[in-house]
1. Among the trypsin sites (Lys or Arg not before Pro) in region B:150-242, which ones are in a DSSP loop with at most 16 other Cβ atoms within 10 Å of the Cβ? Mind listing them?
2. R0 = 25 Å: FRET efficiency of A:Asn22 with A:Ser138, Cβ-based, nearest 0.05?
3. What trypsin sites (Lys or Arg not before Pro) does region A:275-367 have in DSSP loop regions with at most 13 other beta carbons within 10 Å?
4. Across chain A, where is the longest run that never hits GluC sites (Glu not before Pro) in a DSSP loop with at most 14 other C-beta atoms within 10 Å?
5. Rounded, prolate or oblate: which one fits region A:248-361, using the alpha carbon gyration tensor with axes a ≥ b ≥ c (rounded when a/c is under 1.5, else prolate when a/b beats b/c, else oblate)?
6. What does the charge count around B:Gln11 come to, taking other residues whose C-beta lies under 15 Å from its C-beta (Lys +1, Arg +1, Asp -1, Glu -1)?
7. Could you tell me the distance between the Cα centroids of region B:262-291 and region B:128-181, to the nearest Å?
8. Evaluate the distance, in nm, between pseudo-label points positioned 7 Å from the Cα of B:Glu152 and of A:Thr257 along their respective Cα→Cβ axes.
2 protein chains.
Amino acid sequence: MKFTLTKDVIQQAMQKLRPVLNAKGTIPILAGIKVEAMADCIMLTASNASESIIHRILPNGETTTIDNEGAAVLTKEAFEVTSKLSGEITFELVEKNLQVTQGKKTSLSFTTMAPEEFPKIGANPTSAPIVLTGQKFSELISRTVFAVAKTETRPVLTGVNLQVGESLQAISTDSHRLAKVTIPLEEKLDEVSITIPGKMLDHALKAFDLSKGILLSIDTSQIAMANGNTIYYSRLLEGNYPDTQRLIPTTFDGELTLDAKEFTESLQLLSTLSSEGVIKLEVDGLFVKLDSKNETAKGHRELSFIEYTGEAGFTVSFSSGFLLEALKRIDSDAIKLNFCGAQRPFTVEGINEKTKQVQLILPVRTY
Amino acid sequence: MKFTLTKDVIQQAMQKLRPVLNAKGTIPILAGIKVEAMADCIMLTASNASESIIHRILPNGETTTIDNEGAAVLTKEAFEVTSKLSGEITFELVEKNLQVTQGKKTSLSFTTMAPEEFPKIGANPTSAPIVLTGQKFSELISRTVFAVAKTETRPVLTGVNLQVGESLQAISTDSHRLAKVTIPLEEKLDEVSITIPGKMLDHALKAFDLSKGILLSIDTSQIAMANGNTIYYSRLLEGNYPDTQRLIPTTFDGELTLDAKEFTESLQLLSTLSSEGVIKLEVDGLFVKLDSKNETAKGHRELSFIEYTGEAGFTVSFSSGFLLEALKRIDSDAIKLNFCGAQRPFTVEGINEKTKQVQLILPVRTY
């Protein structure tokens, strides 16, 4: 095995592999990267018990050349050390040791492991692949994955539920808030519901070039997500995802429209002066009043609203952290809060948003 | 007490107080900031058991106005929250509560503590003050403080020893390396030797505006360092600082001159492939050879040297981390390593440096 790469090409590949490599595992060979130099590409594979990534580097005669085919499992240090090198860097397998050389004055040597001991990575899709633009994939995932449960009390809630059928729906909830994004499909696909660990989706988002398309292939126990020269594999979470449809209110008795920037800045200010981030919102005839307090401080701010339909004096308390996280996913100058009673979940949405999404927050009962 | 400040003025003051405020203490009132609004300034004091800082904000009729005198101990939140505000921010003490208001729509309230319970901060200098430019103070401290001992085995070594007399000398050592900077004084001062905790000097460097001068006043148990509108007080370390003069070699039997950038980059590369950062250096007739190794990797690089006087085949092993830290303090394109045997400490210096300094490294005996 012998090939020559530039530092940039290696750094770019490592960027894609890193999320998987950083996960701590117990199987020694999985700390390494399987490298296969083939006639038409160099294939890099990283894996841990739950997620894997395959990235191909294509030769181009300039920054990448392949001299001899072969395979080995390298330590990640063998690639990471190149951040300290420059120019063309040659990797050559000599009697089970990897020689890394740059010019005549620098030679580094790394032990390797046997490639046949590295687990086989691959998928057997059970249904037709789903094709999305990078943009749509990003909206689907980044607007839901933040709301997954952070604790393992109900493991299935640590994932994003993906429902394929007439449309593509991503749903997440941690029992205190819920996020849902719906993306129309050009043609109806076979119905399937899977739940993908939130952490893995974060990793995939980081590894992907979102200017390129994404192809999702679902297997009985894993999902493969292909993007450019990268394929990311994640295990699926077992267990039935709860039916969340009945949690989302369809009619409202109060709708409050606010300037998004002013509202966000006010929540950020008051959340620092609140016990556990709880803020009380009250709509009176002229203003929206926001109040927070903790052991040593109290905060109060009045905002003018753009529009309000509902009872005067309506009051609701909520976690400012959850609302701020939802607001980050809404791309609009004006936002609307939809209420159906102080103790019932409310939704927040942008005015004239293109992507169909629901951001639902449960009020905090005590204040 | 009532005064109005802009966000920038508050942020700038908090920047100076923060190192002292961040230190964890056990005395509740020291978690706060004593604020005294006087006719001619607002004085802010922060303190913990070991270090204190006094910062004055002067009224200027524009960004700072003082309406009523008074004093209180405020929580640091009362100032930190202003990072979320803008424009003019008014602080007013109303029945032991601090009201912070911005315009008519935002009002925040904070509990305060009694100013008379805050410890008195001040100095009784026992000798004439030492006046330095910010630049000289920075050279004195930043080129020595990094080499203080990080463990408490010998507490006095966790500080920088300052020797006043015909010149001003700062010395630090952790027994593996030593740094010493000497700054000439215009006139001889009374001889005094004190040791200042390294951490406090780091804090002072951060708080100071180095374009302004520094005035050092030494007390029996503390040092006051004044800079612009800021005075930083630090306790001194007890115990005698060891005599380091005899550790510094005065004659050498090998002198090696190298390109600073190439040598630094080579050390950075090889240190990642070394066990505990140890690198072996060998000078042969044509090249300097650097070698490192760890359990899974080996590294080798050859450098050409600018000049070498000494035995051919000279070999020394050292901690690359210590040498890299010393090199960072040397402002020169070419550096010289001065050896007197493979087992004896060696020094590294810049060619044509303006400030007199010694950076001494002990070799590593086993490789």
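Bear in mind that the values in this text are calculations on the coordinates, not laboratory data. In this text, all values refer to a predicted model and were calculated from it rather than measured experimentally. FYI the Cβ positions are ideal-geometry reconstructions off the backbone, even for glycines, and counts take in every protein chain you see.
1. Numbers: sites: B:Lys150, B:Arg177, B:Lys180, B:Lys188, B:Lys199, B:Lys206, B:Lys212, B:Arg235; in loops: B:Lys150, B:Lys188, B:Lys212.
Answer in residue order: B:Lys150, B:Lys188, B:Lys212.
2. So the FRET efficiency works out to roughly 0.70.
3. Those that pass, being in a loop and sparsely packed, are A:Lys354, A:Arg365.
4. Working: sites that count: A:Glu62, A:Glu69, A:Glu95, A:Glu152, A:Glu166, A:Glu186, A:Glu187, A:Glu191, A:Glu238, A:Glu295, A:Glu311, A:Glu353.
That would be A:1-61.
5. prolate
6. That works out to +1.
7. 29 Å
8. With each label placed 7 Å out from Cα toward Cβ, I get 6.3 nm.
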